[in-house]
Amino acid sequence: QVQLVESGGGLVQAGGSLRLSCAASGSIASINDMRWYRQAPGKQRELVAAITGGGNVNYADSVKGRFTISRDNAKNTVYLQMNSLKPEDTGDYYCNADARRVAQYGFRGYWGQGTQVTVSS
């Protein structure tokens with residue numbers, strides 16, 4: 001099995017920063033794309049940022065210039081550095097990764113349990 005565990009959420013004032021981490025563990029052979037999603041109260045889950053295995057990145061328009069996604073392939077970990085936070089960034093942040101398990105063919109998506117981010121005005 002593959003487990004994703006997020007950390008780093010919390011309460012921060014508007015304009016502040018947080019750094020989220022998501023560590024993948026288990027019988028992992030390879031990880032392709034890794035992503036951060038968020039879900040605000042009463043809203044659908046949305047893609048915030050994505051990074052490929054080669055390091056290409058994409059961001060939602062709402063976070064461009066403020067958030068930075070990165071990864072450490074040796075640690076199977078993805079990060080989300082969030083600066084200049086706004087109250088509308090509040091929500092549960094989820095890590096998602098396309099991983100292939102040892103001795104298995106093909107990749108499938110795995111999700112973490114989420115970490116809460118609250119930005120006060």
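The values are calculated or read from the model by the stated rules, or taken from the named source; none is laboratory data. Remember, predicted model here, so these are calculated numbers, not experimental data. In this analysis, Cβ positions are derived from the backbone assuming ideal geometry, glycine residues included, and neighbour counts consider all displayed protein chains. Heads up: the accessible areas ignore ligands, DNA and RNA and are worked out on the full protein's heavy atoms, side chains in. Shrake-Rupley method; radii C 1.70, N 1.55, O 1.52, S 1.80 Å.
Brief remarks on what is shown
- Qualifying residue in the range 60-70 (condition: modelled with pLDDT of 95 or more, within 22 Å of Arg101 (Cβ to Cβ) and open to solvent by 30 Å² or more (accessible area, probe 1.4 Å)): no
- Annotation note: Cβ proximity below 8 Å between a residue of the range 35-63 that is farther than 18 Å from Asn83 by Cβ and in contact (Cβ under 8 Å) with a residue 40 or more places away in the chain and a residue that is surrounded by 18 or more Cβ atoms within 10 Å (Cβ to Cβ) and of a type in the set (S, T, N, Q) (sequence gap 6+ or interchain) occurs for Arg35/Asn96; Tyr37/Asn96; Ala40/Thr90; Pro41/Thr90.
- Leu80, sole failed condition from (1) in contact (Cβ under 8 Å) with a residue 60 or more places away in the chain; (2) open to solvent by 20 Å² or more (accessible area, probe 1.4 Å): (2)
- Strands (runs of 3 or more DSSP E) wholly inside the range 1-59 containing at least 2 residues that are of a type in the set (A, V, I, L, M, F, W, C): 2-7, 10-13, 18-26, 28-39, 46-51
- Top-ranked residue of the range 83-100 - restricted to ones that are among the hydroxyl-bearing types (Ser, Thr, Tyr) and part of a loop (DSSP other than H, G, I, E, B), ranked as nearest to Tyr37 (Cα to Cα): Thr90
- Among the residues of the range 98-121, the ones that are within 29 Å of Gly10 (Cα to Cα) and either open to solvent by less than 90 Å² (accessible area, probe 1.4 Å) or among the hydrophobic types (A, V, I, L, M, F, W, C) (or both) come to 12 in all.
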